[in-house]
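**Q** Handing you a structure now.
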């Protein structure tokens, strides 16, 4: 299978603040990711200068490496990064752990669905 990941940035031309990547196969979007500055003061207080806002790959493309390509397109190894992940999503948690993210003990309800809990993971560049 052939996949293509396209990226874009938004913000000041010298300091792009938002990174967006889209994965396509046969002209269909099969995944996307986005990152930018941390949205909450508490997330900035972790020392992270970047937040992974979204990373989604269609289920039929899980395990193909597309998620890794998307993550690499929007977050560099030099970026201290924060990511909120669903408490009930062990697959995503394992993916982020493989990429150096660790839980910091912070849990909160989702703003839109209060019964849906998210846990904060942080990756500090080394």
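Since every read-out is calculated from the coordinates, none of them should be taken as a lab result. As the structure is a prediction and not an experimental result, all values here were calculated from the model. Cβ atoms come from the backbone with ideal geometry, glycine included; neighbour counts cover every protein chain shown.
**Q** Listed residues 86, 119; which is in contact (Cβ under 8 Å) with a residue 12 or more places away in the chain and surrounded by 15 or more Cβ atoms within 10 Å (Cβ to Cβ)?
**A** After applying the criteria, what remains is 119.
**Q** When residues of region 102-126 are filtered for being assigned to a loop (DSSP other than H, G, I, E, B) and more than 12 Å from residue 51 (Cα to Cα), how many remain?
**A** 9
The rows are residues; the columns are (1) surrounded by fewer than 17 Cβ atoms within 10 Å (Cβ to Cβ); (2) not in a helix (DSSP H, G or I).
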| position | (1), (2) |
| --- | --- |
| 23 | no, yes |
| 29 | yes, yes |
| 38 | no, yes |
| 48 | no, yes |
| 71 | no, no |
| 78 | yes, yes |
